[in-house]
Amino acid sequence: MPYNQDLMQELNVLNLFNLDTTQEGIKVHSSAKPELISATERLFDKGLITQKDGGYLTPLGHDAAESSQVLLTILNTESRL
């Protein structure tokens, strides 16, 4: 299944989290872009974050954010071949 715009926005939100600490969350303000607000709400509905407007990662959310951030690092690394 290819990534659609909704999934891309959700991945972008997951990439905002600092994985080095569980004490730092995010807050998506009502003045943010509508697609960012919607993506954050979907992540909450999926049980990946603790609040509709951000909050902290759940354990499942931490796994998802870690996978997303690792994939982004891999894809942004120049080929060594």
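The values are calculated or read from the model by the stated rules, or taken from the named source; none is laboratory data. Source: prediction; values computed, not measured. Note: areas computed on protein heavy atoms with side chains; ligands, DNA, RNA excluded. Shrake-Rupley method; radii C 1.70, N 1.55, O 1.52, S 1.80 Å.
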**Prompt:** For helix 59-75, what angle does its Cα long axis make with the longest principal axis of the chain, in degrees from 0 to 90 and rounded to 10?
**Reply:** 40 degrees
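So what's the back-of-envelope 222 nm ellipticity for the chain, counting only DSSP H runs of four-plus at -39500 (n - 2.57) apiece and dividing by all residues, rounded to 500?
That calculation yields -15500 deg cm²/dmol at 222 nm.
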**Request:** Measure nothing fancy, just the Cα-based angle from helix 34-45's long axis to the longest principal axis of the chain, in degrees from 0 to 90, nearest 10.
**Result:** 80 degrees
**Item:** Options (i) 3, 16, 26, 25, 16, 9, 3, 2, 1, 0; (ii) 3, 15, 22, 20, 14, 9, 6, 5, 3, 2, 0; (iii) 3, 13, 18, 17, 19, 18, 10, 2, 0 - which one matches P(r) over Cα pairs in 5 Å bins from 0, in percent as calculated here
**Value:** (i)
**Request:** Report K52's accessible area, 1.4 Å probe, all protein chains in place, as a number in Å² to the nearest 10.
**Result:** 100 Å²
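Apply the a/c threshold of 1.5 to the C-alpha gyration tensor of region 1-40 and tell me whether it is rounded, prolate or oblate. Mind dumping the intermediate values first?
Values: a/c = 3.99, a/b = 1.30, b/c = 3.07.
Since a/c reaches 1.5 but b/c is at least a/b, the shape of region 1-40 is classed as oblate.
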**Item:** Amide hydrogen neighbours beyond the local backbone of I49, cut-off 5 Å, H modeled
**Value:** F44, T58
**Message:** Could you identify which residue out of S38, S68, S30 has the top mean-square fluctuation in a GNM of the chain using Cα springs shorter than 10 Å?
**Reply:** S30
**Request:** Mind checking which aspartates and glutamates have their Cα closer than 12 Å to the Cα of K46? Skip sequence neighbours fewer than 8 apart in that chain.
**Result:** E10
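On average, how much accessible surface per residue is there in the chain, in Å², for a 1.4 Å probe, leaving out ligands, DNA and RNA? If you can, show how the numbers build up before the last one.
Values: 5820 Å² over 81 residues.
Heavy-atom SASA per residue in the chain reads 72 Å².
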